[in-house]
Amino acid sequence: MRWIYFSGEDEVSEALARRCVERVLPELTFQSIRPRQGGIDGVIEKFPSYLDTSRNYPFFVMIDLDRKECPPSARADLLSKHNITDLPRQFILSIVKRESEAWLLGDSDGIAEYLGIPNQGITGNPEELSDPKGAIIQLAKTSPRYRDEICPDAKGDAKVGPGFNFRLTEFVKRQWNIETAAERCPTLMRTLERLNNLKD
């Protein structure tokens with residue numbers, strides 16, 4: 001059995017990464033070792049150990065760009081932080097512009113159908129949004145199905161609803177069209193290309 005290891009910030013990132021691997025390298029067994037701490041800090045802290053693992057197994061790390069300027073500069077900052085000059089061929093570092101939820105919005109027909117809303121007002125360039133997660137929450141506010149699960153309670157402090165990760169992970173597993181999303185999300189397209197390079 002051949003493995004590919006993964007680490008990322010949350011459940012949605014993991015679901016997206018799994019679909020990418022299934023699409024390009026279905027012969028590999030996907031194994032997630034996301035840090036318990038969660039979020040980007042946990043991933044960055046364990047980055048050197050991921051690098052060590054990648055010398056023997058393919059390793060896929062996925063993080064959000066968030067407010068940083070661009071993926072190349074974020075990559076350079078991350079490597080510099082750990083005094084790394086370059087990454088092994090088997091190490092796939094995917095930096096999503098700006099949040100992994102942008103990849104979900106890349107399949108605008110799919111997300112609209114899943115939420116049960118008209119496909120109107122969903123941008124064709126989701127990686128240009130400053131807050132893709134917020135965009136999904138705004139869409140879900142009009143959803144007759146999952147509004148209370150995806151959207152936060154206006155009276156509380158939570159940024160997302162109690163079923164946010166569950167519902168979006170379900171969408172990725174059951175309905176997300178990765179080919180359509182890749183046409184609209186350059187960082188997704190590059191990720192698929194890098195995974196494909198592992199075949200050589």
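Structure above, values below:
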quantity: Hits in the range 117-130 (condition: of a type in the set (D, E) and surrounded by 14 or more Cβ atoms within 10 Å (Cβ to Cβ)); calculated: E127
quantity: Pair list, Cβ < 9 Å and 6+ apart or interchain, from the range 85-107 residues that are aromatic (F, W, Y) to residues that are assigned to a strand (DSSP E or B) and modelled with pLDDT of 95 or more; calculated: F91/F59; F91/F60; F91/V61; W103/V96
quantity: Residue, farthest from K68 (Cα to Cα), within the range 127-169, restricted to residues that are free of Cβ contacts under 8 Å to residues at least 40 places away in the same chain and among the acidic types (D, E); calculated: D148
quantity: The range 126-151, subset acidic (D, E) and not in a loop (DSSP other than H, G, I, E, B), residue farthest from E170 (Cα to Cα); calculated: E128
quantity: When residues of the range 169-190 are limited to those that are polar (S, T, N, Q) and touching a helix residue (DSSP H, G or I) at 6+ places or on another chain (Cβ under 6 Å), the one surrounded by the most Cβ atoms within 10 Å (Cβ to Cβ); calculated: T169
quantity: Residues of the range 1-17 classified as surrounded by fewer than 22 Cβ atoms within 10 Å (Cβ to Cβ), among the charged types (D, E, K, R) and over 15 Å from F59 (Cβ atoms), total; calculated: 2
quantity: Single residue of the range 94-116 satisfying the filter (aliphatic (A, V, I, L, M) and buried (at least 21 other Cβ atoms within 10 Å of the Cβ)) that is nearest to the chain's Cα centre (by Cα); calculated: V96
quantity: Breaking point among (1) under 20 Å from E45 (Cα atoms); (2) in contact with a helix residue (DSSP H, G or I) (Cβ under 9 Å, 6 or more places away or on another chain); (3) modelled with pLDDT under 95, for R89; calculated: (1)
quantity: Residue count for the range 41-62, restricted to those that are surrounded by 16 or more Cβ atoms within 10 Å (Cβ to Cβ), touching a strand residue (DSSP E or B) at 6+ places or on another chain (Cβ under 6 Å) and not polar (S, T, N, Q); calculated: 7
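Residues checked against (1) closer than 12 Å to G106 by Cα; (2) in the same structural domain as S108 (by TED's automatic domain parsing); (3) modelled with pLDDT under 95; (4) hydroxyl-bearing (S, T, Y):
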residue	(1), (2), (3), (4)
E127	yes, yes, no, no
K133	no, yes, no, no
D153	no, yes, yes, no
G156	no, yes, yes, no
P186	yes, no, no, no
L192	no, no, no, no
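The values are calculated or read from the model by the stated rules, or taken from the named source; none is laboratory data. Computed from a predicted structure; not experimentally measured. Glycine gets a Cβ as well: all are built from the backbone with ideal geometry, and neighbour counts include every protein chain shown.
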